[in-house]
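K.L.:
Sending over a structure as structure tokens; questions will come in a sec.
The values are calculated or read from the model by the stated rules, or taken from the named source; none is laboratory data. This structure is a prediction, so every number in the text was calculated from the model and none was measured. Glycine also receives a Cβ, built like all others from the backbone with ideal geometry; neighbour counts cover every protein chain displayed.
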Amino acid sequence: MFREITIGQYYPADSLLHRLDPRVKLFGTIIYLISIFVAGDIFSFAFLALFLVMIIRLSKVPFSYMVKGLRGIVLLLVIAGVFNLFMTPGQALVEFGPLTISDVGLKNAVLMTARMIFLIIGTSIMTLTTTPNQLTDGLETSLAPLTIFNVPVHEIALMMSIALRFIPILVEETDKIMKAQMARGADFESKGIVRKAKAMVPLLVPLFVSAFRRASDLALAMEARCYHGGEGRTKMKPLHYEKEDRLSYVVIISYLILLIVIRIVL
Amino acid sequence: MSLILDKVSYKYSTGTAYEVTALDNVSLEIKDGQFIGIIGHTGSGKSTLIQHLNGLLKATEGVIYYNGQDIYDKDYDLKELRTQVGMVFQYPEHQLFETTVFEDVKFGPKNQGLDDKEATLRAYEALRSVGFPEDYYDQSPFDLSGGQKRRAAIAGVLAMKPAVLILDEPTAGLDPKGRDEILGLIKKMHEKSGNTIILVSHSMEDVANYVDRIIVMNDAKVYMDGTPKEVFSQAKDLEEIGLAVPEVTYFMMELKAKGYDVDVAATTVEEAKREILKLKGINA
Amino acid sequence: MNIIEAKQLVHEFFRRDEEGNIEGIQVALDKVDLKVEAGQFISILGHNGSGKSTLAKHINALLTPSEGTLYVDGKDTSDGKNELAIRQSAGMVFQNPDNQIIASIVEEDVGFGPENMGVPTDEIWERVERSLKSVGMWKYHAHSPNKLSGGQKQRVAIAGVMAMEPKCIILDEPTAMLDPDGRKEVIKVAHELNEKKGVTVILITHYMEEVVGSDYVYVMDKGKVVMEGDPRNIFSRVEELQSHRMDVPQITLLAHELRNSGLDIPEGILTREELMNVLNLG
């Protein structure tokens, strides 16, 4: 039942985007997120869409694959859209009994939905083209200056990458535990919050016991392989900028400036 | 009273490039009171097969009948089926969760809707029948040894009084003595209750000593189905799918190949010993 | 030279009650004497709870002696300064393959040990390739460990240790969670590393069939070494093994039973061929 989850998955391919340094992609994603909120009219959105289409083409990830990830949140989008549509005060365009659609409402609903879709597709491109390890490496290096303030950057990055490795294992384990308890007559489909919460106990207790057991096993295994913190560690895949990466920074910054210009001028 | 599988197939990820056929057109009849071993490699479909027997997985094609009733009928009570066809999974850690062993064993009966008194009686009975030491009834199930955890898990299913008991790799991770104890226990339970028992295992030698019917799974299909003697007499076919017969059976076949008159169907050390002594003219 | 030498090694656990007060002392290792020569393939047998895994953790300096001494590659394990050096000389592979693979890509996991040791980047890649090839897993270097079989995962774990270029590897029940195919794979790889790379191997197991090819076998029970000798010697003591909750291979047991029934057969038969030869069927 958990096989269909695609959010946050890596899509292996050989593209410019896959090759880029993860730090560039992190930076690019942040700039892109800002740009979504800078954009506000038809021209700036058109420019944003153009940029996104270009990126998608560059990523060599099939568009249909990206859209698959959207499927899970369609309901969320619809609800958010409907709320904006009907709940925003303004000049009434259409009235259905007590419900009215105002001009501002319509604009907000369209804008909001567009922003959500742009946001999800944009960020998923990063996870689709970057392996979890590259991502944590990128984060670790980007956040390295924070170590001055005693932020345990290395440890946080390591925790993230271990979490990413163990999520599929624990998901599978959850499935097995559920089956084992269902075989003893446990009912995970019962109605009502209290009964539902009670039904979760036979699932959660073995899951937590197992997770703690795995954690202590893993700690021992890491120690046995000479792990002693980030100090004195070398890197198998150190990050370094290539020409493409520097060029990408230029492209990303020019994109944001252009978008701001379009927003102000047009 | 029996379990019948009629042309059962199970596929997942259908319609995608990753479509997998985990069961392919399997038809079987499991009669009351049989002691059955299901053998196969990891990925042969044996786990998928047993999860169909208590309705945890639903066949994508085909029908399963329990006591003549189609378990996929709209108003068929699957929860009731699961108390009739009890299943103990490979790792006891996946089911033990209560603060004490005793409470844990009561979980099944309580789900059946029995009152506390009845559930307590059931728990006593089940723990006694698996030979679980009384001193440990109030222990946390997490502090037990591997063998004791296994017993507690089996008791947890037995307490529901199932007519069919399925055990998935009940000896995984146990040491030789622990393995013999659990298998001996299962055999004793079978003899005493006469219930149907289905044992899933990788190990031919484990199964040969205990069961009266072996189902060999390979590549999502039933590859062989017969008594241990019938199955082991086809050593070549078993090797073709990477399974081996017990060492002593190989030895009997080698003797036979050298022209000695022995029964190649000897599958246990005891039987092989008898055959060789006979050959030597000694009556054991 | 002995790469591992334990003298009167004792390990005690404190048993605590619910408030954390010491209730009693449990002896997990009781005056263990053990010697392993460089290049040997050694097996340590014992049932669950016999103390064999505690001993393994000592050899990796994950535990330190309560009494007695343990030297690994000439270094005293009770000296905290030697910790990292000992773990480099004697690498350890654990029982559960899932709980010792750290990275989401095979090659990155194998590189984890060398990274911790501060090996330069280029050399890490050389070591990763070499050790993955030595366990026959180079083909999967860019794969996710989640898609591998149990035996393959365990081979990756062995490669992860080999990349640290240890003199000795300790395999702590590496096959307990595997199916028969996976078990064979792992044991075969352990023997290959021993023969081709000259690595000392210490195999801890409760499967009797796996110790057949060893140079020397120790049997443990209740924290003590209760039997030692070459495999044939060990297997010829069937009743003694059974008294320590151990088993013997079917053919050895058959030969032993025939001998008890009065046939003139020596103890310690290991293979079908040997049994055929001693049966003397005119």
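K.L.:
Confirm whether B:Gly86 is under 30 Å from A:Arg213 (Cβ atoms), within 14 Å of chain A (Cβ to nearest Cβ), modelled with pLDDT of 90 or more and in contact with a Leu (Cβ under 6 Å, 6 or more places away or on another chain).
P.N.:
yes
K.L.:
Output the number of residues of segment A:171-202 satisfying the condition of being at the interface with another protein chain (Cβ under 8 Å from one of its Cβ atoms) and in contact with a Leu (Cβ under 9 Å, 6 or more places away or on another chain).
P.N.:
Final tally of qualifying residues: 7.
K.L.:
For C:Gln250, work out the one condition from (1) of a type outside the set (Lys, Arg); (2) over 22 Å from C:Gly49 (Cα atoms); (3) more than 12 Å from chain B (Cβ to nearest Cβ) it doesn't fulfil.
P.N.:
(3)
K.L.:
Between B:Arg82, B:Arg122, B:Arg128, which is within 20 Å of the chain's Cα centre (by Cα) and at negative phi?
P.N.:
Going through B:Arg82, B:Arg122, B:Arg128 in turn, the sole match is B:Arg82.
K.L.:
Another one. Aliphatic (A, V, I, L, M), within 9 Å of another protein chain (Cβ to nearest Cβ) and under 21 Å from C:Pro114 (Cβ atoms), is that true of C:Ala157?
P.N.:
yes
K.L.:
Here's a check for you: in segment C:88-100, which residue that is at the interface with another protein chain (Cβ under 7 Å from one of its Cβ atoms) and not in a strand (DSSP E or B) is nearest to C:Leu55 (Cα to Cα)?
P.N.:
C:Phe94
K.L.:
Just for helices (runs of 4 or more DSSP H) wholly inside segment A:1-102: which have at least 2 residues that are without any contact (Cβ under 8 Å) to a residue 12 or more places away in the chain, of a type in the set (Gly, Ala, Ser) and out of contact with any Lys or Arg (no Cβ under 9 Å at 6 or more places or on another chain)?
P.N.:
In segment A:1-102, there are no helices (runs of 4 or more DSSP H) which contain 2 or more residues that are without any contact (Cβ under 8 Å) to a residue 12 or more places away in the chain, of a type in the set (Gly, Ala, Ser) and out of contact with any Lys or Arg (no Cβ under 9 Å at 6 or more places or on another chain).
K.L.:
Evaluate the following for A:Leu239: is it at pLDDT below 95, of a type in the set (A, V, I, L, M), outside any helix (DSSP H, G or I) and surrounded by fewer than 17 Cβ atoms within 10 Å (Cβ to Cβ)?
P.N.:
Criteria met by A:Leu239.
K.L.:
Being closer than 24 Å to A:Glu173 by Cβ, in a helix (DSSP H, G or I) and either in contact with a Cys (Cβ under 9 Å, 6 or more places away or on another chain) or modelled with pLDDT under 95 (or both): is that true of B:Thr99 here?
P.N.:
no
K.L.:
In addition: Return the residue satisfying two criteria in turn: it lies in segment B:89-127 and is aliphatic (A, V, I, L, M) and either touching a strand residue (DSSP E or B) at 6+ places or on another chain (Cβ under 6 Å) or surrounded by fewer than 24 Cβ atoms within 10 Å (Cβ to Cβ) (or both), and of such residues it is farthest from the other protein chains (Cβ to nearest Cβ).
P.N.:
Among residues in segment B:89-127 that are aliphatic (A, V, I, L, M) and either touching a strand residue (DSSP E or B) at 6+ places or on another chain (Cβ under 6 Å) or surrounded by fewer than 24 Cβ atoms within 10 Å (Cβ to Cβ) (or both), the one farthest from the other protein chains (Cβ to nearest Cβ) is B:Leu121.
K.L.:
Within segment A:230-259, restricting attention to residues that are more than 9 Å from chain C (Cβ to nearest Cβ) and in contact with an Asp or Glu (Cβ under 8 Å, 6 or more places away or on another chain), which residue is nearest to A:Met160 (Cα to Cα)?
P.N.:
Checking each candidate, the answer is A:Gly230.
K.L.:
Enumerate the strands (runs of 3 or more DSSP E) found wholly within segment C:179-258, keeping only those where 1 or more residues are surrounded by fewer than 18 Cβ atoms within 10 Å (Cβ to Cβ).
P.N.:
Output list reads C:224-229.
K.L.:
When you check A:Met159 against the structure, is it at pLDDT 85 or above and exposed (fewer than 15 other Cβ atoms within 10 Å of the Cβ), yes or no?
P.N.:
The answer is yes for A:Met159.
K.L.:
For segment B:209-246, name all the residues that are within 14 Å of chain C (Cβ to nearest Cβ) and surrounded by fewer than 22 Cβ atoms within 10 Å (Cβ to Cβ).
P.N.:
Those that are within 14 Å of chain C (Cβ to nearest Cβ) and surrounded by fewer than 22 Cβ atoms within 10 Å (Cβ to Cβ): B:Asn209, B:Asn218, B:Ala235, B:Leu238, B:Glu239, B:Ile241, B:Gly242, B:Ala244.
K.L.:
Just to be sure before I move on: is A:Pro132 away from chain C (no Cβ under 14 Å), closer than 20 Å to A:Phe27 by Cβ and not aliphatic (A, V, I, L, M) in the structure I sent?
P.N.:
no
K.L.:
Here is a follow-up. Against the definition (buried (at least 19 other Cβ atoms within 10 Å of the Cβ), of a type outside the set (S, T, N, Q) and in contact (Cβ under 8 Å) with a residue 40 or more places away in the chain), how does C:Val156 come out, yes or no?
P.N.:
Yes; evaluated as a whole, the condition is true for this residue.
K.L.:
Among the residues of segment C:65-77, how many are assigned to a loop (DSSP other than H, G, I, E, B) and more than 14 Å from C:Glu12 (Cα to Cα)?
P.N.:
Count: 3.
K.L.:
Looking only at segment A:87-125, which residues are in contact with a strand residue (DSSP E or B) (Cβ under 9 Å, 6 or more places away or on another chain) and aliphatic (A, V, I, L, M)?
P.N.:
Those that are in contact with a strand residue (DSSP E or B) (Cβ under 9 Å, 6 or more places away or on another chain) and aliphatic (A, V, I, L, M): A:Ala92, A:Leu93, A:Val94, A:Ile101, A:Leu106, A:Ala109.
K.L.:
Condition (residue is surrounded by fewer than 18 Cβ atoms within 10 Å (Cβ to Cβ) and within 11 Å of chain A (Cβ to nearest Cβ)) applied to segment C:107-116: is it met by at least one residue?
P.N.:
So far as segment C:107-116 goes, no, none of its residues is surrounded by fewer than 18 Cβ atoms within 10 Å (Cβ to Cβ) and within 11 Å of chain A (Cβ to nearest Cβ).
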